[in-house]
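Enquirer: Pasting a structure below so you can have a look.
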Amino acid sequence: MHPALRLTFLPPNLITLSRPAVVAWICYCLIQEPDATASSLWMLLAFLFFYWISDYIDGFVARRLGQTSNYGAKLDLFCDRICDFLVVFTILIVHDLTYWIPVLFYMLGRLAPEFLYFLYADRFKESPLFRNWSEGAYKIYGEVFYFVRTVFFAFVLFGDPHWIVSAIFILSNAVFLIDGLIILGPPSEILDQG
């Protein structure tokens, strides 16, 4: 059996792979039957569990079983992005672009810096905004952002988010975008290095 395939069937990686599968099913239900699905407490709980809580469970299980790996970490990030894409796509379909501003800020603030990181990885070694933060403080910031994102997505899919939730979501994504732009520096520097 191929090593990557063997790693895929480890319990933590199966938990990771269950996340996009269940989120895709919930998003499908929301597109097909938006009112019935959005009013279902079980669907909301399933979304919160598989989108948010299972993202912690897979890492916990991997550490407990001694099955942490670079492959598992990359698989986790890949599945996170698939879930995010599915949720954003569903929001835009179900709500007829009502939430395009928060979604745009999410795409710019979260996905654009990650894409730029692959192009200019050497510039991302030290973030000017977070340079003096301890690893614990930066991790807490990341967890708070993840919580805000989950709350926003849950409210949009299963209710009606208050404008404050949308504003916090936009602000948290704007911080990531500003950080990415500061790291890269002026456009002329980027072109000179490219």
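Enquirer: Is the shape of region 1-60 rounded, prolate or oblate, going by the alpha carbon gyration tensor and its root eigenvalues a ≥ b ≥ c, with a/c under 1.5 for rounded and a/b larger than b/c for prolate?
Expert: Since a/c reaches 1.5 but b/c is at least a/b, the shape of region 1-60 is classed as oblate.
Enquirer: Then there's this: Summarise the accessible area of region 1-103 (1.4 Å probe, protein heavy atoms) by the percent that is carbon and sulfur.
Expert: Carbon plus sulfur share of accessible area: 72 percent.
Enquirer: Got a number for the accessible area of H95? Probe 1.4 Å, square angstrom, nearest 10.
Expert: 50 Å²
Enquirer: Remind me, relative contact order of region 1-69 in percent, using alpha carbon pairs under 8 angstrom and six or more residues apart?
Expert: 44 percent
The values are calculated or read from the model by the stated rules, or taken from the named source; none is laboratory data. Keep in mind it's a predicted model, so treat the numbers as computed, not measured. All accessible areas refer to the heavy atoms of the entire protein, side chains included, with ligands and DNA or RNA removed. Shrake-Rupley method; radii C 1.70, N 1.55, O 1.52, S 1.80 Å.
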